[in-house]
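Take a look at the structure set out below.
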Amino acid sequence: MVLDKEVLVPLKRVEIVIDEDDFEEFQEICRAINIRGYTYIWQAGGFGTRGNRRPNDMSLPEKNFLVIIACTEDQAEKLVNSISARMKEIGGIFLISDCDWVKGPKISY
């Protein structure tokens, strides 16, 4: 497959899993560095440093969010600088990879 480079915008893909108690703080950081859009999935499950997180487990009142962001390299760097220390305290996962945005009617990065 040959991709038309004129319809692609190179960006960074950020994936973060955070606890619901920290989601509001995360949103404030995104606003401060002008990240205008993201997708989140509430009640993400998995296994990590905080043990097994099962979204349907009634004995576990805390819920995780999976947040997916497409942003510029500068925004990704600012996000890392803003929350990496906090992620060490609260746990979760924070991934950054290269991606291409397929241009549509409106770009929201």
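Each value in this text was obtained by applying a stated rule to the coordinates, not by laboratory testing. Everything numeric in this text was worked out from a predicted model, so none of it was measured. Glycine gets a Cβ as well: all are built from the backbone with ideal geometry, and neighbour counts include every protein chain shown.
Quick check: Cα centre of the range 2-32 to Cα centre of the range 63-89, how many Å? For the range 2-32 versus the range 63-89, the Cα centre distance is 8 Å. Stretching the chain fully between residue 82 and residue 42 yields a gain of 12.2 nm (0.36 nm per residue, less the alpha carbon separation). Under a straight-distance cross-link criterion of Cα-Cα below 19 Å, which lysines are reachable from residue 88, leaving out those fewer than 8 residues away in the same chain? Excluding near neighbours in sequence, the set is 63, 78. Summarising the label geometry, the points placed 7 Å from Cα in the beta-carbon direction at residue 103 and residue 19 lie 4.4 nm from one another.
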